[in-house]
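Only one structure is covered here, and it is reproduced in the block below.
The values are calculated or read from the model by the stated rules, or taken from the named source; none is laboratory data. Here the structure is a predicted model, which means the values were calculated and not measured. Backbone-built Cβ (ideal geometry, glycine too); neighbour counts: all protein chains shown. Remember, those area values only see protein heavy atoms, side chains included, never the ligands or the DNA or RNA. Shrake-Rupley method; radii C 1.70, N 1.55, O 1.52, S 1.80 Å.
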Amino acid sequence: MSSGGPSQPSPYSPPPAQPQQQGQQPQYGQPQPQPQHGQPPQYSAQQYAQSNYMPPQFAQQPVYASVLAQPTPYSPPAPAAPSPAQGLPPLPPGRRGGRIALYSLFGFLGLLMLALVAYFGLFLGAAASVIGLVLALVPLAIVFFVVRMIDRWEPEPKSLVFFAIAWGAIAAVGLTLLVDLGLTAVLGFRGEVAGAVVQAPIVEEFWKGIGVFLIFLIARRSFDGPVDGVVYGALVGAGFAFTENIQYFAISLIEGGGGQLTVTFILRAIMSPFAHAMFTSLTGLAIGLAARRHASSGAALGFGVLGMLGAMLLHGLWNGSSFVNFFLLYFVLQVPLFVGFIFGIIALRREESRLTRARLGDYASAGWFTPEEVTMLATPAGRKTGLAWASQLRGDRRPLMRQFIKDATMLASVRQRAITGRDPMAPADEQALLARTRAARAALLAY
């Protein structure tokens, strides 16, 4: 039944017949209208072209007959495709000023690295430097593996991880060498004990601590708390130890051959690979505590100075042990300090786990997660179980589960920053991460 207005024809209905103009000659190969009783009329190509149903781009193209073609009086356009679904939202980028500062610092590190390469090649020789570099990779790999285990709960951005190592390996070492050369030119030669116990800890920990503080300034949104500070400080210290070990190993090889090189390698790479990482992590821990309290840059600098003083004290004790009974101080002082360091890291990780569970619990109360999902996402045992379950799904969906865990952990950190009011970009991050976690869950449960 009609509603009163003209009915709209179906897109699959043939076009209406157009009267043929008088004197117009039929064109060869084109069907002419021959209406018959009970059959639809046939139309010419001109009538097709004049029809509203034929798109112009199709009407202008010639049609070639084929013996295999199926005769059709009218070929309507295919239905229009629906608008594409909204893609997975990316996280809002960080501050433009922070990215520019990071790229500028990378450029500075590149220039300084060229100077360090020339220094090692000139004073130590290419062969000894290469051997020292290869051996120095061993303690660096050990420390990096342990630090990444600590950082596994909420991984830091790869660019900042690389910058932390590069700052310690290039800038801290290069600037320390410049200060040593300047002090030697001004004050002359200083005693070995004064240089190792006083000057080296102060100068080295100062430049390493500057690197940690720079990361805090340019990446405040990735510097959430004490665990992040320990991670960045340990990476800066590991980078510094890497370049310093190249020098020590090369000098040992030049002066004492393979025997002295073996002793130096055991002392520095096997017995004490975490020394520099542990010293500088105190500076990072102090700055991380300031970051957790939403401290200003000035307050974070004050916290960092306190942590740096502790790093200098430990560094001086470590260097001083080489002038007395090294093995006695090693087992009486350094081993207990290292064990305490490990227990402190475990305690910090448990605190992050508790905070993550509490913040995700807020979203569970609002219906975003189930209580079981919060347990799976916010506890080590739950994550292990979740990954084992994802591995049994079709196609091994552990990468999806890892992304789900990562986004949920970031979501908890974003909410913590939002409720403390220390991140104006937190609401945008929150919306994007909520969409990402929902998409990850849907992909995990898809059949």
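When each of Ile254, Ile246, Ile270 is tested for being farther than 25 Å from Leu116 by Cα, out of contact with any strand residue (DSSP E or B) (no Cβ under 9 Å at 6 or more places or on another chain) and not charged (D, E, K, R), the lone residue that passes is Ile270.
Among residues of segment 395-419 that are within 16 Å of Glu154 (Cα to Cα), those with a beta-carbon under 8 Å from a residue that is hydrophobic (A, V, I, L, M, F, W, C) and open to solvent by 70 Å² or more (accessible area, probe 1.4 Å) at least six positions away or on a different chain give the pairs Met401/Trp389. Please work out if Pro424 is free of Cβ contacts under 8 Å to residues at least 24 places away in the same chain and not in a helix (DSSP H, G or I). Judged against the criteria, Pro424 is a match. Checked against (1) modelled with pLDDT of 90 or more; (2) of a type in the set (Gly, Ala, Ser); (3) part of a loop (DSSP other than H, G, I, E, B), Ala408 passes all but condition (3).
Considering only residues that are touching a residue at least 60 places away in the same chain (Cβ under 8 Å) and open to solvent by less than 60 Å² (accessible area, probe 1.4 Å), look in segment 181-197 and name the one that is farthest from Tyr248 (Cα to Cα). This residue is Val197.
Summed over segment 414-447, residues that are open to solvent by 50 Å² or more (accessible area, probe 1.4 Å), at pLDDT 85 or above and touching a Lys or Arg at 6+ places or on another chain (Cβ under 9 Å) total 1. Quick one: in segment 291-343, of everything that is free of Cβ contacts under 8 Å to residues at least 40 places away in the same chain and within 26 Å of the chain's Cα centre (by Cα), which residue is least open to solvent (accessible area, probe 1.4 Å)? Filtering first and then ranking leaves Ala295. The criterion of at least 3 residues that are closer than 28 Å to Arg383 by Cα and open to solvent by 20 Å² or more (accessible area, probe 1.4 Å) is met by the following helices (runs of 4 or more DSSP H) wholly inside segment 94-173: 126-151, 158-166.
Taken over segment 359-377, the residue count meeting the criterion of being under 23 Å from the mean Cα position of the chain (by Cα), aliphatic (A, V, I, L, M) and farther than 18 Å from Leu444 by Cα is 1.
Considering each of Leu301, Leu355, Leu289 in turn, give the residue that is in a helix (DSSP H, G or I), within 22 Å of Thr420 (Cβ to Cβ), touching a Pro at 6+ places or on another chain (Cβ under 6 Å) and aliphatic (A, V, I, L, M). Matching residue, one of Leu301, Leu355, Leu289: Leu289.
Val203 fulfils the conditions (1) free of Cβ contacts under 8 Å to residues at least 40 places away in the same chain; (2) part of a helix (DSSP H, G or I); (3) more than 17 Å from Thr280 (Cβ to Cβ) except for a single criterion, (3).
Only residues that are over 27 Å from the mean Cα position of the chain (by Cα) and among the aliphatic types (A, V, I, L, M) were counted across segment 173-231, and they come to 17.
Working only within segment 250-284, note down all residues that are under 25 Å from the mean Cα position of the chain (by Cα) and either more than 16 Å from Gly211 (Cα to Cα) or open to solvent by 50 Å² or more (accessible area, probe 1.4 Å) (or both).
Of segment 250-284, the ones under 25 Å from the mean Cα position of the chain (by Cα) are 274, 276-278, 280-284.
Listed by number, the residues that qualify are Phe274, Leu282.
Within segment 317-330, not a single residue is out of contact with any strand residue (DSSP E or B) (no Cβ under 8 Å at 6 or more places or on another chain) and modelled with pLDDT of 90 or more. Quick check, is Leu411 surrounded by fewer than 20 Cβ atoms within 10 Å (Cβ to Cβ) and aliphatic (A, V, I, L, M)? Spelling it out, it is not the case that Leu411 is surrounded by fewer than 20 Cβ atoms within 10 Å (Cβ to Cβ) and aliphatic (A, V, I, L, M).
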